[in-house]
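The values are calculated or read from the model by the stated rules, or taken from the named source; none is laboratory data. Bear in mind the structure is a predicted one, so any value in this text is a computation, not a measurement. Counting neighbours? That spans all protein chains shown, and the Cβs are built from the backbone with ideal geometry, glycine included.
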Amino acid sequence: MANNAQIEIQIEDLHKSFNGHTVLQGINLDFYSGEFVAIVGSSGCGKTVLLNTILGQYPIDKGIIRILDRSDENWVLKKLDDFNELEIDNIHKHWGVVFQRNALFSGSVLFNIGLWLKEIKGMDDETIIPIAKKALTAVGLPDDEAFLEKSGSDLSGGMAKRLAIARAISMDPYVFFYDEPTTGLDPISSATIHNLIFDIHHADRTSIIITHDKDLLIRLRPRTIMLHEGKVHFDGPFDEFEAAQSDVIRPYFETMPLLHKRIMEKVEIDPQLSKRKGLNV
């Protein structure tokens, strides 16, 4: 990454433990605006804990997370702890988060897309409907009235995932976080999501993906970060990760398909997370 590239999120010496068990042990990472990044590693290495800590779901034990504050005309990096609640809500409403189990709300397709537009941006239904239709079209879903009124619980796994992404798109975020976006999907649906993630990424949008999906990495070839025992073991181009022969990377790379298949357990999401204004899950 060029030296003059804008840092979107900066992590410095981050530590996090639960009940005396250390999960993150001194993470140092910079995520740049417009970057396409995948975070990989064996189960329990700290991937999802890292994501949730960035989102502010977990307090920091030690270290610093800095976020790009775009409310300042000069765009400055600001410590996460220094944002007040209103300011962090403003940051979160420009972040799109797609969780492993989608975290769809009960209700219609239109309700799922429109809730945040109504509550956060104060839009009325007349304004929301064309935005919802545009977002649905972007993810390859129908945009007719019958589909808008369809219950989200009646959608297939692949369609539910696309709806979750459409909901995030509708807020026009500048950072997308994906937590295992293809888990539980068949190969055809997974390939559709791969293409969708790639298509909606652009130079002004940062995409950060937590995944065990080897096919996703091979197809999209992102900057690849591997966590191992709570530390950054690898950070570089996917081509170098794919070719690496280390005794940590090689076994993991070979077993990725099996790990991807096994990650089917329910994701634990803080109930308060979906209630926070501006956090688009």
Practice task
Report whether or not Asp215 is of a type in the set (Asp, Glu), part of a helix (DSSP H, G or I), at pLDDT 90 or above and surrounded by 16 or more Cβ atoms within 10 Å (Cβ to Cβ).
Solution key: yes
Fill in the blank from the handout: Across (1) within 14 Å of the chain's Cα centre (by Cα); (2) of a type in the set (Phe, Trp, Tyr); (3) farther than 25 Å from Asn52 by Cα, Tyr174 clears everything bar (3)
Exercise for the section: Please indicate, with yes or no, whether at least one residue in the range 178-198 is within 13 Å of the chain's Cα centre (by Cα), at pLDDT 90 or above, within 24 Å of Leu259 (Cβ to Cβ) and not small (Gly, Ala, Ser). Expected result: yes
Practice task
Go through the range 177-201 and count every residue that is among the hydroxyl-bearing types (Ser, Thr, Tyr) and either in contact with a Cys (Cβ under 8 Å, 6 or more places away or on another chain) or farther than 22 Å from Thr48 by Cα (or both).
Solution key: 2
Practice task
Could you list, in sequence order, all residues of the range 94-138 that are in contact (Cβ under 8 Å) with a residue 12 or more places away in the chain, aliphatic (A, V, I, L, M) and part of a helix (DSSP H, G or I)?
Solution key: Val109, Leu110, Ile113, Leu117, Ile128, Ile129, Ile131, Ala132, Ala135, Leu136, Ala138
Handout entry: Residue that is at pLDDT 90 or above and either touching a His at 6+ places or on another chain (Cβ under 8 Å) or under 21 Å from His228 (Cα atoms) (or both), where the choices are Ser17, Ser43, Ser33
Key = Ser17
Handout entry: Qualifying positions in the range 170-189 - in a helix (DSSP H, G or I), touching a helix residue (DSSP H, G or I) at 6+ places or on another chain (Cβ under 7 Å) and surrounded by fewer than 21 Cβ atoms within 10 Å (Cβ to Cβ)
Key = Ser189
Problem - Residue that is modelled with the lowest pLDDT [pool: residues in the range 63-82 that are part of a strand (DSSP E or B) and hydrophobic (A, V, I, L, M, F, W, C)] - result: Val76
Completion exercise
Of Val109, Val97, the only residue that is under 27 Å from Gln25 (Cβ atoms) and under 21 Å from the mean Cα position of the chain (by Cα) is Val97
Completion exercise
Scanning the range 90-105 for residues that are surrounded by fewer than 21 Cβ atoms within 10 Å (Cβ to Cβ), modelled with pLDDT under 80 and out of contact with any helix residue (DSSP H, G or I) (no Cβ under 8 Å at 6 or more places or on another chain) gives Arg101
Handout entry: Which listed residue, of Leu68, Leu50, is of a type outside the set (Val, Ile, Thr) and touching a Phe, Trp or Tyr at 6+ places or on another chain (Cβ under 8 Å)
Key = Leu68
